[in-house]
Structures are given as structure tokens and as C-alpha cells.
Amino acid sequence: MMSSIKPLIAGNWKMNGLRSDMDEFAAMAQGYSSELAGKADAMICPPFTLIAALANHPDRGALAVGAQDCHTASSGAHTGDISGGMIADCGAKAVIVGHSERRQDHGETDALVAEKAKAVWDAGLTAIICVGETEAERRGGTTLAAVEQQLSGSVPQGATAQNSVIAYEPVWAIGTGLTPGIDDVAEVHGFMRSFLANNLGGEGTAMRLLYGGSVKPGNAAELMAVPHVNGALVGGASLKATDFLGIIRAVS
Ligand code: PEP
């Protein structure tokens, strides 16, 4: 049976993007808005420095803009940090929290990620909450236990299909060109759906579950066809309009 959940393709530009890249964004936005907006929702999460410019770009059309992180507090003495309210003020609609690069580079724990998700909600935005096993956990056969622990700790009570999206991103698949087997993706996404339905009821059943890790135009159709995969979180391939649009085109 076809899923009734509209897919979301979200691009994570990470620490890439200058004002000179706004033409690439404009090309994505025009291609998406003119031919693909009916197929899937789509979003680009640039670095903080570009959020306002992209969100207010005259060619943005239906392509939404998000952020890659935020602080847990709404304002105050936190030098160098950015709040959910500031992100909303720039015109963004969502914030990625708990990306594995932040968990690794900044020691972010599940508890901190959960606090960030609540701060995102308080700002009226959607939290894209990332989980995923390391290579050692995959090799050790503890993938589902690792994902369960992250879901338990990082997805706060009060999560709904409107205020939250879950992204399953195996750490070893991010930026490596490696992807799990289709059966492995199906196993984790089926597990996440059951976990969220058991814990959040109908909201967990309706919540979007994204796959992320080396998604490209060439593998997107196969990955997006897996049951309970409701879109993708895309890193490297979201930097070029042809690649990003190719991924959206591959959504069935
Ligand atoms: C990511 O950083 O979220 C990601 C999935 O990166 P890539 O697509 O480059 O593997």
C-alpha cells in the first residue's frame, strides 16, 4: 500500500555555502517549485549566515529553508550561539538537531538533543531529530539497540507528526559513498515506526522518517521506495541543483 505521508527531501549544506552560492539555491528553488513541489516537500538547511538571505530570496518559491542546530535557551548570555526564535525570525521553518557531526564534534548527548528539540518547538518550528549507529555498533550487531537508545533519549514526549521529523543516518554512511543494504534500511525504519507508534500513538504512525547517508540521484529511488522511508536528509548531493532535483525526481 502506498504511504499517505508526503515525503520530505531536506538538504544539509553543513559548513558550506557563500553568498555566491545563492544562484545555485535559486536554480534549485525554480526547478523544484515549477515541476516537483507536488511530489515532495523540500528544504535546504544552509549555514546560519545564509538563512535570512535564502529564506527571503525572491526565487525561493515553495522550497523551504531550515537550520542545522540551535541553542536550548531562547535568549541570553550564550556567546556565539543562535536560538530557535532567531532562526524563526529569519524565516526558517525547521532545525536539524542531534546530527552525528554535532554529537561527535561537540559531544552532544541525547538529553541535550531532546532539550534542543523542545526549544525548536517553542519557537514554532519543526525539529529534524537525527539518530543512527556507528560503524562499530553496526559490526557488533547492536544497531537497533543504539537507535532505540537515541530515540528514547532524543525524542521528547510531546513529539507530533507536525513538530518533529526523525532522520535515520548511519554514521558510517554519511559522506562516505556507502549505504546500508535495502533490507537493513527496511529493518531500522520498521523498528523506528513501531517504537514511535508505541510511544506516541497516532502521531508516531504519521511522523516522517527520513533516511540519510550518501543519498544521490542514482540510489534515491531504491532507498525512497523502502517501507517507512518518507524522504531523505541529503548532505553532499544537496549542494548542486542538478543532484538535489534529481533526488526529488526519484521519489515515487
Ligand atoms: C548528512 O550529513 O546528513 C548526510 C546525509 O550527508 P551525505 O548525504 O553527504 O552522506
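Computed from the coordinates by the stated procedures, all read-outs in this text should not be read as laboratory data. Computed from a prediction, not measured in an experiment: that's the story for all the values here. Note: ideal-geometry Cβ built from the backbone for every residue, glycine included; neighbour counts use all protein chains shown.
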- Hey, what did the stretch 34-82 get for relative contact order, percent, Cα under 8 Å, at least 6 apart? 36 percent
- Task: Return the FRET efficiency for the residue pair Arg19, His106: r is the Cβ-Cβ distance, R0 is 25 Å, and the value is rounded to the nearest 0.05.
- Result: 0.45
- Query: What does the highest-first list of 109-119, 139-149 look like by mean Cβ count within 10 Å?
  - Reply: 109-119, 139-149
- Query: Among 132-138, 64-70, 16-22, 31-37, what's the highest-first ranking by average C-beta atoms within 10 angstrom per residue?
  - Reply: 64-70, 132-138, 31-37, 16-22
- Message: For the stretch 107-167 and the stretch 4-36, what is the centre-to-centre distance using only Cα atoms, to the nearest Å?
- Response: 24 Å
- Listed pairs Lys39/Lys118; Lys93/Lys118; Lys6/Lys39; Lys6/Lys240; Lys14/Lys39; Lys93/Lys216 exceeding 18 Å between Cα atoms: Lys39/Lys118; Lys6/Lys240; Lys14/Lys39; Lys93/Lys216
- Query: Among Ser100, Ser75, Ser214, which one shows the biggest mean-square fluctuation in a GNM of the chain, springs joining Cα atoms closer than 10 Å?
  - Reply: Ser75
- Inter-label distance for Glu222 and Asp59, nm, one decimal - labels placed 7 Å from Cα along Cα-to-Cβ: 3.3 nm
- The ³J(HN,Hα) series, computed from each phi in the stretch 179-194 with the Karplus coefficients 6.51, -1.76 and 1.60 at θ = phi - 60°, rounded to the nearest Hz and given as x for glycine or proline, is 9, x, x, 4, 5, 5, 4, 4, 5, 5, 5, x, 4, 5, 4, 5
- Give, in whole angstrom and from largest to smallest, the semi-axes √(5λ) of the equivalent ellipsoid of the stretch 89-241, with λ running over the eigenvalues of the Cα gyration tensor. 22, 18, 16
- Message: Sort 192-201, 121-130, 243-252 by the packing proxy (mean of other Cβ within 10 Å over each peptide's residues), most packed first.
- Response: 121-130, 243-252, 192-201
- Potential extension, Ala197-Asp183 segment - 0.36 nm per residue separation minus Cα distance: 3.0 nm
- Task: Would you be so kind as to identify which of Gly31, Gly11, Asn56 lies farthest towards the positive end of the dipole of the stretch 1-60, taking Lys and Arg as +1 and Asp and Glu as -1 on Cβ and the Cα centre as origin?
- Result: Gly11
- Subtract the Cα-Cα distance of Ala27 and Ile5 from 0.36 nm times their separation in residues, and report this length gain in nm to one decimal. 5.3 nm
- How far apart, in nm, are the 7 Å Cα→Cβ label points at Lys240 and Glu35? 1.7 nm
- Search the structure for amide H atoms under 5 Å from the amide H of Ser164, placed 1.01 Å from N in the peptide plane, and list their residues when 5 or more places away or on another chain. Ala127
- Answer in debye to the nearest 20: the dipole magnitude of the chain about its Cα centre, from +1 Lys/Arg and -1 Asp/Glu charges placed on Cβ, is 400 debye
- Task: Determine the relative contact order of the chain: mean sequence separation of Cα pairs under 8 Å and six or more apart, normalised by residue count, in whole percent.
- Result: 21 percent
